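Visitor: Before we start, here is the structure in question, set down as structure tokens.
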Amino acid sequence: MAQSAKIPEGAAVPGRLHEKAAFITGAASGIGEASARAMVREGAAVALADINESGVLALAEELSMRGARALAMVLDVSDPVAVQTNYEIAVAELGRLDVLHLNAAAGRPDDSNVVDTPLEAWEDAFRLNVMSVVTGLKYGIPHLLAGGGGNIVVTSSGGGEAGDHSRIAYGSLKASVTALTRYVAVTHGRAGININAVLPGLVLSPGAATQFPAPLSAAVAKHQTTDRLTQPEDIAELVVFLASDDAKAIRGQGIRIDAGVSIQGGASPTLAQAIADLQAGVAEGA
Ligand SMILES: NC(=O)c1ccc[n+]([C@@H]2O[C@H](COP(=O)([O-])OP(=O)(O)OC[C@H]3O[C@@H](n4cnc5c(N)ncnc54)[C@H](O)[C@@H]3O)[C@@H](O)[C@H]2O)c1
């Protein structure tokens, strides 16, 4: 029987991303910021990429003050040349790249239904949500392979797995991001790339909080199997796991992380209330 490696008593346990370098997009806020913090905790050096200059500068400064190797990169992920250049800068500064978290995306308020959504909103959504991941992979994978391989986590969305009342461009294009993940897992798995996607439900990030004020998030919570609303840090823990060698047997998956919303039928809370009302009626009648 194989012996498990023993760590001497009192010795520090190396983090799960010890000596790894990670490139995180959308790192100034929400899920990307939480992911960056969790990766630093696990020992990674981080390149923090975001279009929000003051946000990434502040985060890089804070993490550096606490002893981390953290680079701020001002980047619009929908600009392929800038993506390519920023990878080169990150490798020059950090010496290597082992992990990509391709996370940046955004929606538009005029993304509603197929009749009303302007065609240019689709083009925008395609550039920002799909082509940003395509270029992140196209120009990032060679850097990972140069170091012998690595892990990639893509932030997709549960919104790509079902129909909804609005945000048709965002949702249907996130489905494409999840599919892209599977293709890359097949084409590059044996070369040493392990790629997976996280598919969050509602996460109370600064970005989502503006779109989901309390009455709306309370309505979502009714469809969860817990009252607790998901926080960016919850997603970050899954991202760190998928970015680490611990995830070596998980490949090309789209992992739902939505507080139980997707495992229930659509009528679940309504049905639960109807059953409770019926039982109360029977009890009263008895
Ligand atoms: N919050 C949710 O409920 C939820 C649910 C499902 C999926 N997601 C996905 O999670 C990811 C992160 O979202 P979040 O909720 O943390 O949002 P957020 O708005 O809090 O953070 C997004 C970050 O991306 C950056 N960004 C936006 N456009 C960019 C661009 N062109 N180039 C570089 N950076 C850019 C923003 O400046 C911001 O810092 C997105 O891919 C989003 O689609 C979020």
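Visitor: I want to confirm something. Restricting to segment 25-76 and keeping residues that are acidic (Asp, Glu) and over 30 Å from Ala125 (Cβ atoms), which single residue is farthest from the ligand (Cβ to nearest atom)?
Guide: Glu42
Visitor: Then there's this: For residues in segment 204-232 being closer than 21 Å to Ala36 by Cβ and in contact with a Leu (Cβ under 8 Å, 6 or more places away or on another chain), which is farthest from the ligand (Cβ to nearest atom)? Walk me through it before giving the result.
Guide: Within segment 204-232, the subset closer than 21 Å to Ala36 by Cβ is 204-209, 230-232.
Filter once more, so that each one left must be in contact with a Leu (Cβ under 8 Å, 6 or more places away or on another chain): 204, 208, 230-232.
Numbers: Leu204: 7, Ala208: 3, Thr230: 8, Gln231: 10, Pro232: 6 Å.
This residue is Gln231.
Visitor: Continuing with this model, one more query. If Pro269 meets every condition in (1) in a helix (DSSP H, G or I); (2) within 20 Å of Ala38 (Cβ to Cβ) apart from one, which number is that one?
Guide: Failed condition: (2).
Visitor: Of (1) touching a Ser or Thr at 6+ places or on another chain (Cβ under 9 Å); (2) modelled with pLDDT of 95 or more; (3) away from the ligand (no atom under 15 Å from the Cβ); (4) outside any helix (DSSP H, G or I), Val198 satisfies all except one. Which?
Guide: Against the list (1) touching a Ser or Thr at 6+ places or on another chain (Cβ under 9 Å); (2) modelled with pLDDT of 95 or more; (3) away from the ligand (no atom under 15 Å from the Cβ); (4) outside any helix (DSSP H, G or I), Val198 comes up short only on (3).
Visitor: Name the residues in segment 66-82 that are within 17 Å of Ala38 (Cα to Cα) and either of a type in the set (Lys, Arg) or touching a residue at least 24 places away in the same chain (Cβ under 8 Å) (or both), would you?
Guide: Within segment 66-82, Arg66, Ala68, Arg69, Ala70, Leu71, Ala72 meet the criteria.
Visitor: Scan segment 128-177 residue by residue and report those that are assigned to a loop (DSSP other than H, G, I, E, B) and either in contact with a Pro (Cβ under 7 Å, 6 or more places away or on another chain) or farther than 23 Å from Ser205 by Cα (or both).
Guide: Gly147, Gly148, Gly149, Ser157
Visitor: Still on this structure: Output the residue which, of all residues in segment 50-70 that are surrounded by fewer than 21 Cβ atoms within 10 Å (Cβ to Cβ) and of a type in the set (A, V, I, L, M), is nearest to Val130 (Cα to Cα). Please lay out each step first, then the result.
Guide: As a first pass, look at segment 50-70 and keep what is surrounded by fewer than 21 Cβ atoms within 10 Å (Cβ to Cβ): 51-55, 57-58, 61-62, 64-69.
Subsequent filtering for residues that are of a type in the set (A, V, I, L, M) retains 51, 57-58, 65, 68.
On the way: Ile51: 17, Leu57: 26, Ala58: 28, Met65: 35, Ala68: 31 Å.
Among them, the one singled out is Ile51.
Visitor: Another one. Please determine, by comparing only the residues of segment 174-195 that are within 17 Å of Ala104 (Cα to Cα) and of a type in the set (A, V, I, L, M), which one is nearest to the ligand (Cβ to nearest atom).
Guide: The extreme case among them is Val177.
Visitor: Just to be sure I understand the filter: pairs with C-beta atoms under 8 Å, separated by 6 or more residues or on different chains, first member in segment 188-208 and more than 22 Å from Asp246 (Cβ to Cβ) and hydroxyl-bearing (Ser, Thr, Tyr), second member part of a loop (DSSP other than H, G, I, E, B) and within 6 Å of the ligand (Cβ to nearest atom). Which pairs pass?
Guide: Listed by first residue and then by second, the contacts come to Ser205/Ser29.
Visitor: Also, quick follow-up: Could you identify the single residue in Pro206, Pro213 that is within 22 Å of Asn103 (Cβ to Cβ) and exposed (fewer than 13 other Cβ atoms within 10 Å of the Cβ)? Spell out how you get there, then give the answer.
Guide: Values: Pro213 fails: within 22 Å of Asn103 (Cβ to Cβ).
Answer to the selection: Pro206.
Visitor: Okay, moving on. I'd like the full set of residues that are in a helix (DSSP H, G or I) and touching a strand residue (DSSP E or B) at 6+ places or on another chain (Cβ under 8 Å), limited to segment 211-239.
Guide: Pro232, Asp234, Ile235, Leu238, Val239, listed by residue number.
Visitor: Give me the pairs: first residue in segment 42-65 and closer than 19 Å to Glu88 by Cα and in contact (Cβ under 8 Å) with a residue 24 or more places away in the chain, second residue surrounded by fewer than 22 Cβ atoms within 10 Å (Cβ to Cβ) and among the small types (Gly, Ala, Ser), beta-carbon distance under 8 Å, and six or more apart or on different chains, which are they?
Guide: Ala44/Gly15; Ala45/Ala68; Val46/Ala68; Asp50/Ser29
Visitor: Another question, if that's okay. Where residues in segment 247-266 are surrounded by 12 or more Cβ atoms within 10 Å (Cβ to Cβ) and assigned to a helix (DSSP H, G or I), which of them is modelled with the highest pLDDT?
Guide: Ala247
Visitor: Being within 16 Å of the ligand (Cβ to nearest atom), out of contact with any Leu (no Cβ under 7 Å at 6 or more places or on another chain) and in contact (Cβ under 8 Å) with a residue 12 or more places away in the chain is the filter here, so list the residues in segment 104-121 that pass it.
Guide: Listed by number, the residues that qualify are Ala104, Gly107, Arg108, Asp111, Ala121.
Visitor: Kindly list, by first and then second residue, each pair from a residue in segment 257-286 that is without any contact (Cβ under 8 Å) to a residue 12 or more places away in the chain to a residue that is surrounded by 12 or more Cβ atoms within 10 Å (Cβ to Cβ) and outside any helix (DSSP H, G or I), limited to pairs with Cβ atoms under 7 Å and residues at least 6 apart or on different chains.
Guide: Close Cβ pairs satisfying both conditions: none exist.
The values are calculated or read from the model by the stated rules, or taken from the named source; none is laboratory data. Keep in mind it's a predicted model, so treat the numbers as computed, not measured. Glycine gets a Cβ as well: all are built from the backbone with ideal geometry, and neighbour counts include every protein chain shown.
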